[in-house]
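The values are calculated or read from the model by the stated rules, or taken from the named source; none is laboratory data. All of these numbers come straight from a predicted model, not from anything done at the bench. All Cβ positions, even for glycine, are placed from backbone atoms using ideal geometry, and neighbour counts span all protein chains on display.
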Amino acid sequence: MSKVHVTTTVNGDAVEFLADPRETLLDCLRDHVGLTGTKEGCGTGDCGACSVEMEGVLVCSCLVLGVEANGKRVDTIEGMSDGHDLHPLQRKFIEHAALQCGFCTPGFLVAAKALLARSPDPTEEEVRYWLAGNLCRCTGYDKIVRAVMDAAAEMRQEAA
Amino acid sequence: MRYHTPTTFAEAAGIAAAAQGVTRFLAGGTDVLVQMRAGMVLPDDLIDLKKIDGVDRIDPTPEGGWRIGVAVPGIALGAHEALRADWPGVVEGMELVGSTQIQGRATLVGNLCNGSPAADSVPGLVAAGAMAEITGPDGGRVVPVADIPAGPGRTTLQPGEVISALLLPPRGTAGGDAYLRFIPRTEMDIAVVGCAVNLRCDGDTVTEASVVLGAVAPTVVSVPAASAAIIGTALDDTALGTLAEAASAACRPIDDKRGTIAFRTEVAGVLAKRAARIAHARAKGENA
């Protein structure tokens, strides 16, 4: 099986790897690039744990082949904080206890960040619909939704 | 598995025609990758169509309709205001497919070629009279989208043939379309019944109509009797009642945990009425 040379930009850094064309972007990020923050939940696009942005579009990295990322910009959870300074969404997830086991959290954070980039002042309904493709079996979602709303308010510099 | 990135549809069709084993075309990949992972489909040749010029574009046609590239994801359809203004039913059907993440990749053509009887975007395309532009090893042809589905998981495309674009006709004046589906929750589910209605009005009176059902037969079904029930009427209660009866009568659904035959048949009529009302309001320029 001949491998394909893939050149991408991940979180702003130029990254190269050799991918079997059957490998997903998720596999490539975790196994070739060493970025294990992106999680595999279902592997079939149902749970959103593997959410990343490709060219600024929110996708399930389990439903993208690594070779399809050639020449593309990919942003993962590892690019979310500014060094040790957590992103407001990350801080609010901690403050609101919007996680227990934490496995779904990277996917929720990446998806929520994509939402707030296009809709800085979302309604609760909008948040719930946008995040419908992210499954969490611990929290019951309420704390996650509150954390996203609160982070949005902070990012708009309003008190929530 | 060989991964191909042709730069023209003729080249893509040539690769598919010459391939000996299992071949799949790759657009958004939200069905193909799931099938690969499940081991249901293990392609020997995977032909990625996204390097072909124009596949990510939505272009107006000289006739006043739209040409939609095969790799345009749902999120791009939804963001295209002029397309949504012309064909809101087509766009809202596609937008019901999967999650935000799926919308970032999934395409109309993929939804069509996956061959699910419950595909949410297909009834709207059929009701709109959309055409599929096909490129094959021996040239091209253009066929109604309605002629593509052949049964669950099957299409009428021949070996080596690939859909190279979808064509929506000009909207024209006083037209409106709508798509509704029933699912037991609010998001992230497969249609138990889907119904698209496309119509044109003269004042309040319906002059043209097309009623198309999904998830109630092995393929999407057009229901001419349902269309006839509302043509020449102002969608009064009698006409809507006849429409619902005709829609229900056209159902040949499966019976499963997601919906019994009786339930799907009943709901088809209800959705037909509701979708017709929305399409009618849109045709008259009302917000609906």
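Just a few scattered comments:
- When A:T9 is tested against (1) assigned to a strand (DSSP E or B); (2) buried (at least 20 other Cβ atoms within 10 Å of the Cβ); (3) among the hydroxyl-bearing types (S, T, Y), only condition (2) is not met.
- Check on A:G48, more than 10 Å from chain B (Cβ to nearest Cβ) and part of a loop (DSSP other than H, G, I, E, B): no
- Scanning the range A:92-104 for residues that are within 25 Å of A:M54 (Cα to Cα) and either crowded, with 24+ Cβ neighbours inside 10 Å or touching a Cys at 6+ places or on another chain (Cβ under 6 Å) (or both) turns up A:K92, A:F93, A:C104.
- Screening the candidates B:V216, B:V197 for the property of being in a loop (DSSP other than H, G, I, E, B), crowded, with 21+ Cβ neighbours inside 10 Å and out of contact with any Leu (no Cβ under 8 Å at 6 or more places or on another chain) yields one hit, B:V216.
- For the range B:37-62, a residue qualifies if it is closer than 22 Å to B:T7 by Cα and aliphatic (A, V, I, L, M), and the qualifying residues are B:L46, B:I47, B:L49, B:I52, B:V55, B:I58.
- Within the range B:105-113, one or more residues are in a strand (DSSP E or B), buried (at least 23 other Cβ atoms within 10 Å of the Cβ) and either assigned by TED's automatic domain parsing to the domain that holds B:Y179 or out of contact with any His (no Cβ under 9 Å at 6 or more places or on another chain) (or both).
- Restricting attention to the range A:119-147 and to residues that are crowded, with 20+ Cβ neighbours inside 10 Å and among the polar types (S, T, N, Q), the residue that is nearest to B:S99 (Cα to Cα) turns out to be A:N134.
- For the range B:242-253, the set of residues classified as outside any helix (DSSP H, G or I) and surrounded by fewer than 16 Cβ atoms within 10 Å (Cβ to Cβ) consists of B:R252 only.
- Residue within the range B:173-183 that is surrounded by fewer than 20 Cβ atoms within 10 Å (Cβ to Cβ) and over 18 Å from the mean Cα position of the chain (by Cα) present: yes
- Condition broken by A:L89, with the remaining ones in (1) touching a helix residue (DSSP H, G or I) at 6+ places or on another chain (Cβ under 7 Å); (2) at pLDDT below 95 satisfied: (2)
- Extreme residue, nearest to the other protein chains (Cβ to nearest Cβ), among residues of the range B:15-50 that are surrounded by fewer than 18 Cβ atoms within 10 Å (Cβ to Cβ) and touching a Pro at 6+ places or on another chain (Cβ under 7 Å): B:V22
- Verdict on B:L26 being among the hydrophobic types (A, V, I, L, M, F, W, C) and touching an Asp or Glu at 6+ places or on another chain (Cβ under 6 Å): yes
- Within the range A:51-94, the set of residues being among the hydroxyl-bearing types (S, T, Y) and either more than 10 Å from chain B (Cβ to nearest Cβ) or in a helix (DSSP H, G or I) (or both) comprises A:S61, A:T76, A:S81.
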